[in-house]
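The values are calculated or read from the model by the stated rules, or taken from the named source; none is laboratory data. Model, not experiment: these values are computed from the prediction. Neighbour counts run over all protein chains shown; Cβ positions are idealised from the backbone, glycine included.
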Amino acid sequence: MIDWKVYYGDGSTISSNDSEAEDIPSRNVICIVNKHEDVGRQIVTRHDYFWFDGFWTGGDIFGLFDYLLCPGWRKVLFGRTIKTDQYDQIVKRALKDPDFPVKSANLPGENL
């Protein structure tokens, strides 16, 4: 089963079945889906930066600095602003993606 999938502004995706986190493209990220045992899937979106720490999360420049200052391997992805209708299409795809369990609830902080 897929653990995560990254959705890019050009409509492409890449998942944990396609590549290791360290090898995926870093720019033009719109949202990321993480498999989540409590709610089926977590949608991570509307962030400037996304980083991998066993799962994908996102935040602002201060969260990014905090992450980068920790020891060990690091991977950062960069978000992109696109037209609202394009954004909505991509997030709808993420919410309906058949590679993940159905989303049963929003998690605290999930800004959909």
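Specify the residue that is farthest from ASN106 (Cα to Cα); the eligible residues are those in region 25-49 that are surrounded by 19 or more Cβ atoms within 10 Å (Cβ to Cβ) and of a type in the set (A, V, I, L, M).
Of everything passing the filter in region 25-49, VAL29 is farthest from ASN106 (Cα to Cα).
Residue by residue, here is whether (1) modelled with pLDDT of 95 or more; (2) among the aromatic types (Phe, Trp, Tyr); (3) in a strand (DSSP E or B) holds:
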| residue | (1), (2), (3) |
| --- | --- |
| LYS5 | yes, no, yes |
| PRO25 | yes, no, no |
| ILE30 | yes, no, yes |
| GLN42 | yes, no, yes |
| PHE50 | yes, yes, yes |
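Could you tell me which of the residues LEU95, LEU77 is in a strand (DSSP E or B) and either modelled with pLDDT of 95 or more or more than 19 Å from ILE24 (Cα to Cα) (or both)?
LEU77 is the lone residue from the list that is in a strand (DSSP E or B) and either modelled with pLDDT of 95 or more or more than 19 Å from ILE24 (Cα to Cα) (or both).
Keeping to region 11-24, report how many residues are hydroxyl-bearing (Ser, Thr, Tyr) and exposed (fewer than 14 other Cβ atoms within 10 Å of the Cβ). Let's see the steps before the verdict.
Here is the first cut: in region 11-24, the ones hydroxyl-bearing (Ser, Thr, Tyr) are 12-13, 15-16, 19.
Now narrow it down to the ones that are exposed (fewer than 14 other Cβ atoms within 10 Å of the Cβ): 12, 19.
The qualifying residues number 2.
Read through the list (1) surrounded by 11 or more Cβ atoms within 10 Å (Cβ to Cβ); (2) more than 23 Å from LEU112 (Cβ to Cβ); (3) touching a residue at least 24 places away in the same chain (Cβ under 8 Å); (4) not aromatic (Phe, Trp, Tyr), then give the number of the only condition that ASP66 fails.
ASP66 satisfies every listed condition except (3).
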